[in-house]
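Accompanying notes for the structure given below.
The values are calculated or read from the model by the stated rules, or taken from the named source; none is laboratory data. Predicted model only: the values in this text are computed from it and were never measured. Cβ sites come from the backbone with ideal geometry, for glycine too, and all protein chains shown count toward neighbours. SASA here: full protein model, heavy atoms, side chains in, ligands and nucleic acids out. Shrake-Rupley method; radii C 1.70, N 1.55, O 1.52, S 1.80 Å.
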Amino acid sequence: MKKTMILLIICALFTLQACKDDDTDVPNGLRPIEAVNDCDVPTLDDGWVCVWADEFEGESVDEDKWTFEIDGQGGGNNELQYYRKENAEIVDGKLVITARKEAYGGRDYTSARLITRYKGDWRYARIVVSAKMPSGRGTWPAIWMLPTMNVYGSWPNSGELDIMEYVGYEPDVVHTTIHTRKFNHTLGTQIGTSMELPGVESNFYEYEAIWKPGNITTYADNEQYGEFSYQAAFNQDVDYDAAFPFDQLQFLILNLAIGGNWGGAQGVDDSIFPTSFEIDYVRIYQLDYATLDKEPPSTPENISIARDLQNSIFWSPSEDDIGVERYAIYVDGAFKTYSDLNQIRLNGLEAGRT
């Protein structure tokens, strides 16, 4: 029996905030974003405004912004360190995470891992981190993100974004990767790229991710070295949350692991300790839609039923001067839900009736 589903998409929303009753004098019901006071570079080109930053100018780690993860469980990757608060300090305006060869808590090495969860959580942002890598075989520093709430399930279902990873046995090569339910290293299907960047152990470079609906682009030293995107028309075998679940709040992680499945693949050189991962600053930006948005988006077109996904439909992305953040979905004339991508799976439809 032929199954027919009719979707009426009334409009594409292009705002990051909902309209308020008292915002009638503001274009699109949005108010411009104000930069935070403690960001040394409050704005970037193309409308990016700093909404969270740590320049590491205090005498100690700001625990209003960072939480220390204290554990010796090996990070899920058979790592060898015990994470301690004592291994991170502010030195000359920089966050210094130091790994040491010392017995503690049943481990032979100590280091530190800091997270922003519940203190800095973002949905779509431009993340800029200036850092200098540690040296030595067995080191594994990372700048990465995880979901604040596992909306789509535990790892890797809700997504992981590795903005930068570095393994000491492969000097001057940085890596960027995403992990999802469909694409992750336990299946050998992870999506990632690498880039040679001479002098990463002696120089500070910026590592950056621009995260927008359906697309994440990563940069090292202002050069693009990774792009991860989702196109509904080309991914009809799994729901978009399995392939690209990056539409929820995420938090930032800075850590220096020792050994582990990847970092310790060629062993650990004990002569390198102590060795440090240094971070000069962390700056988080978001787009100021209120100032930038000048044109309404185009009407969505080419609504199609996905071949292999039950109750799933997709359509051609709308065009807009800034970009479409989300679509409002109407079924049989009634509002149903929002979708960040040009695809939606709708439950409760009746074949031949809806």
Check your understanding: When Lys and Arg each count +1 and Asp and Glu each count -1, what net charge do the other residues less than 15 Å away from Asp172, Cβ to Cβ, add up to?
Key -> -4
Review point. To the nearest Å, what is the center-to-center distance of the stretch 256-321 and the stretch 156-217, using C-alpha atoms only?
Key: 10 Å
Review point. Under a straight-distance cross-link criterion of Cα-Cα below 16 Å, which aspartates and glutamates are reachable from Lys336, leaving out those fewer than 8 residues away in the same chain?
Key: Glu350
Practice item. Starting from the amide H of Val200, placed 1.01 Å from N in the peptide plane, find each other amide H under 5 Å away whose residue is 5 or more places distant or on another chain. Key: Asp172
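Could you pull out the pairs from Lys119/Lys294; Lys212/Lys294; Lys65/Lys294; Lys94/Lys212; Lys65/Lys132; Lys132/Lys182 whose alpha carbons sit more than 25 Å apart here?
Numbers: Lys119/Lys294 33 Å; Lys212/Lys294 19 Å; Lys65/Lys294 35 Å; Lys94/Lys212 29 Å; Lys65/Lys132 21 Å; Lys132/Lys182 32 Å.
As for pairs spanning more than 25 Å Cα to Cα, those are Lys119/Lys294; Lys65/Lys294; Lys94/Lys212; Lys132/Lys182.
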Review point. Of the residues Ile284, Ile272, Ile216, which exhibits the maximal mean-square fluctuation in a Gaussian network model of the chain defined by a 10 Å Cα contact cut-off?
Key: Ile272
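Any idea of the accessible area per residue across the stretch 188-305, 1.4 Å probe, to the nearest Å²? Before the final figure, lay out each step's value.
Values: 4870 Å² over 118 residues.
With all protein chains present, the stretch 188-305 gives 41 Å² per residue.
Tell me, which longest segment in the chain has none of the GluC sites (Glu not before Pro) that fall in DSSP loops with at most 14 further Cβ atoms within 10 Å? Could the numbers behind the result be given before it?
Numbers: sites that count: Glu34, Glu57, Glu59, Glu63, Glu319, Glu350.
The longest such stretch corresponds to 64-318.
Give me the percent of the accessible area of the stretch 220-307 that comes from carbon and sulfur atoms, probe 1.4 Å, all protein chains in place.
Numbers: 1490 of 3700 Å².
Its accessible area is 40 percent carbon and sulfur atoms.
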**Study point:** Largest-first principal axis extents, alpha carbons of the chain, Å
**Key:** 70, 51, 34
Check your understanding: Can you pull the percent of the stretch 55-159's accessible area that's carbon plus sulfur, 1.4 Å probe, other chains left in place?
Key -> 41 percent
Check your understanding: Ignoring the sites themselves, what is the longest stretch of the chain with no trypsin sites (Lys or Arg not before Pro) in a DSSP loop and at most 13 other beta-carbon atoms within 10 Å?
Key -> 21-293
**Study point:** Per-residue HN-Hα couplings for the stretch 90-103 [Karplus 6.51, -1.76, 1.60; θ = phi - 60°; Hz; x = Gly/Pro]
**Key:** 9, 9, 6, x, 9, 7, 10, 9, 10, 9, 10, 8, 7, 7
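Calculate for the chain the 222 nm mean residue ellipticity that helices alone would give, adding -39,500 (n - 2.57) per DSSP H run of length 4 or more and normalising by residue count, nearest 500 deg cm²/dmol. Each step should come with its number before you reach the end.
On the way: 2 runs with 8 residues, N = 354.
-500 deg cm²/dmol, from helical runs alone.
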Study note, to complete from the structure: In nm, the gap between the two label points placed 7 Å beyond Cα toward Cβ at Leu187 and Glu319 is 3.5 nm
Point to revise | J(HN,Hα) series, the stretch 59-72, from Karplus relation 6.51 cos²θ - 1.76 cosθ + 1.60, nearest Hz, glycine and proline x | key: 8, 8, 4, 7, 7, 7, 10, 10, 10, 7, 8, 10, 5, x
